[in-house]
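Notes follow once the structure below has been shown.
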Amino acid sequence: MSKEKAAQIQPAEGKLGVMVVGMGAVATTLIAGVEAVRRNLAKPIGALTQMGTIRLGKRTENNTPLIKDFVPLASLDDIVFTGWEIFPEDMYEAAQHANVLDRDHLQTIKPFLESIKPMPAVFDQHYVKRLNGTHVKQGKSKCDLAQQVRADIQQFKSKVERAVMIWTGSTEIFLEPTAVHQTLAAFEKGLVDDDPSIAPSQIYAYAALKEGIPFANGAPNLTVDLPCMIELSKQTGAPICGKDFKTGQTFIKTVLAPAFKSRMLGVSGWYSTNILGNRDGEVLDDPESFKTKEESKLGVLDYILQPELYPDLYKDIYHKVRINYYPPRGDNKEGWDNIDIFGWLGYPMQIKVDFLCRDSILAAPLALDLVLFLDLAQRTPELKHLGIQEWLSFYFKSPQSAEGLYPEHDLFIQLMKLKNTLRHIQGEELITHLGLEYYD
Ligand SMILES: NC(=O)c1ccc[n+]([C@@H]2O[C@H](COP(=O)([O-])OP(=O)(O)OC[C@H]3O[C@@H](n4cnc5c(N)ncnc54)[C@H](O)[C@@H]3O)[C@@H](O)[C@H]2O)c1
């Protein structure tokens, strides 16, 4: 079989530092979960890096190793966590507050969780109206705050071999790119001038990329999807990727929508509503933060259904997304979808989805995969210097792609892209699913 030339991937030796910005429900579920898996208390369900396999060669060859045995990923035992949070609670208190994992799970790993205490955060209530943090850095300017975060990173980096940063902080208010985001030089001047278009998430991302550390964004904030950040990412070889974890309702949406399109079934309406009672739900109850989330959630259908190519099927679709804060449910979100579709000769049909999910249980394995794959990217010269890692679109509601290129939202195309990237860097033949050779 013809093989490509494998990339020169550096081995995953030594400790991998994971720097988490915002240590709430997703972050504590990630950190506690990794420790529970390390101690054999539970399985890493939902994490492709831990449970997924990859087919190599022909279907007749029966060669399907685990992804983690195929590419050199950091071992869970080598992960060390730190992070920033606007409240001073340690990870045990924060996990109790988040109320995702049950007492038995938390009790067994209590000393470990208590040992992780957040660093003071860069925070400004202007960007997250519903929170009022006390554990925050003071600085003369945004530039000064960025330098403080860089100093935190440098200190942590001296204790580990490599590091990755992931934003699991709150959804900030809706922002649009301005002149300050167009070049790195303009952004650095904006930091000195305290430009209001620079939100805290951008300060963390800037600090990470400046220190050569990859950055992933679990929220829909305007953070690294900016020309200045792409420039910096390429300059320092620090990989970046999309934004807003694709977990509950949007995950299901990006499975169902391609199915309708592949059968040429029309869609006239898609009404999505949620009830959610955790801190995230409280933050999203503010219209300015909700607007950021809404944009991210609404984007997917247009790209998947391509109404410009199929006007008879999708031109007049009515798409609505709602999130309602409802404290009794905590992290256990309920998401309803009413989908109005139409078939042969235009006859209407309806589909109802009621997903009783657990938000952070769905998000934590995605966060783990992202830090491990971003670490792989930073050890792979061929990927590292691309800046944007489009092959990680699989994880995001808003994937990031090169300028002028539309993002790919179809979950199964995203998965094929991810696996083919792994095959490519390991010099394996790509899988196209053509399969004519089986019939020669
Ligand atoms: N859980 C999911 O399924 C899911 C899916 C997609 C996106 N998200 C996003 O992930 C993020 C985290 O979700 P969550 O459920 O853990 O929320 P959460 O409210 O429990 O945790 C976020 C934490 O970030 C902290 N924070 C806010 N601004 C900060 C700053 N500038 N610096 C440091 N800390 C800061 C908050 O105090 C809070 O503790 C949210 O933006 C959410 O919209 C979650």
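The values are calculated or read from the model by the stated rules, or taken from the named source; none is laboratory data. Keep in mind that what you see is a predicted model, and the values were worked out from it rather than measured. Cβ sites come from the backbone with ideal geometry, for glycine too, and all protein chains shown count toward neighbours.
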task = Any residue in segment 122-138 that's assigned by TED's automatic domain parsing to the domain that holds Ala208: show its pairings with residues that are among the charged types (D, E, K, R) and more than 9 Å from the ligand (Cβ to nearest atom) at Cβ separation under 6 Å, as long as the two are six or more apart or on different chains.
result = Val122/Lys137; Lys129/Asp286; Arg130/Asp286
message = Looking at (1) more than 10 Å from the ligand (Cβ to nearest atom); (2) outside any helix (DSSP H, G or I), which one does Lys243 not meet, given that it meets all the others?
response = (1)
query = Take the residues of segment 122-181 that are of a type in the set (Gly, Ala, Ser) and not in a loop (DSSP other than H, G, I, E, B): which is nearest to the ligand (Cβ to nearest atom)?
reply = Ala146
note = Screening Val100, Val71 for residues that are within 16 Å of the ligand (Cβ to nearest atom), buried (at least 16 other Cβ atoms within 10 Å of the Cβ) and assigned by TED's automatic domain parsing to the domain that holds Met119 leaves only Val100
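Which one of Ile166, Ile203 is at pLDDT 95 or above and closer than 23 Å to Ala402 by Cβ?
Details: Ile203 fails: closer than 23 Å to Ala402 by Cβ.
Checking each option against the conditions leaves just Ile166.
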inquiry  = Exactly one of these conditions fails for Leu16: (1) modelled with pLDDT of 95 or more; (2) surrounded by fewer than 19 Cβ atoms within 10 Å (Cβ to Cβ); (3) more than 16 Å from the ligand (Cβ to nearest atom). Give me its number.
reply    = (2)
task = Can you confirm whether segment 216-228 contains a residue that is surrounded by 22 or more Cβ atoms within 10 Å (Cβ to Cβ), part of a strand (DSSP E or B) and either within 11 Å of the ligand (Cβ to nearest atom) or not β-branched (Val, Ile, Thr) (or both)?
result = yes
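Please enumerate the residues belonging to segment 427-440 that are outside any helix (DSSP H, G or I) and either surrounded by 18 or more Cβ atoms within 10 Å (Cβ to Cβ) or among the aromatic types (Phe, Trp, Tyr) (or both).
Taking segment 427-440 first, the residues outside any helix (DSSP H, G or I) are 427-435, 440.
Across segment 427-440, the qualifying residue is only Glu428.
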remark   = With criteria (1) in contact with a Gly (Cβ under 9 Å, 6 or more places away or on another chain); (2) of a type outside the set (Ser, Thr, Tyr); (3) within 20 Å of Leu366 (Cβ to Cβ); (4) within 16 Å of the ligand (Cβ to nearest atom), Gly33 comes up short on (1)
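Quick check on this structure: which one of Ala216, Ala199, Ala205 is over 16 Å from the mean Cα position of the chain (by Cα) and touching a residue at least 12 places away in the same chain (Cβ under 8 Å)?
Details: Ala216 fails: over 16 Å from the mean Cα position of the chain (by Cα); Ala205 fails: over 16 Å from the mean Cα position of the chain (by Cα).
Only one candidate qualifies: Ala199.
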message = I'd like the full set of residues that are charged (D, E, K, R), more than 16 Å from the ligand (Cβ to nearest atom) and in a strand (DSSP E or B), limited to segment 276-333.
response = Lys320
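Does Asn40 meet the test of being outside the structural domain of Gly277 (by TED's automatic domain parsing), near the ligand (Cβ under 10 Å from one of its atoms) and either more than 24 Å from Arg358 (Cβ to Cβ) or surrounded by fewer than 14 Cβ atoms within 10 Å (Cβ to Cβ) (or both)? Can you show your working first?
Details: outside the structural domain of Gly277 (by TED's automatic domain parsing): yes; near the ligand (Cβ under 10 Å from one of its atoms): no; either more than 24 Å from Arg358 (Cβ to Cβ) or surrounded by fewer than 14 Cβ atoms within 10 Å (Cβ to Cβ) (or both): yes.
No, not satisfied.
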request  = May I ask you to list the residues in segment 129-170 that are among the hydroxyl-bearing types (Ser, Thr, Tyr), surrounded by 18 or more Cβ atoms within 10 Å (Cβ to Cβ) and more than 19 Å from Asp375 (Cα to Cα)?
outcome  = Ser170
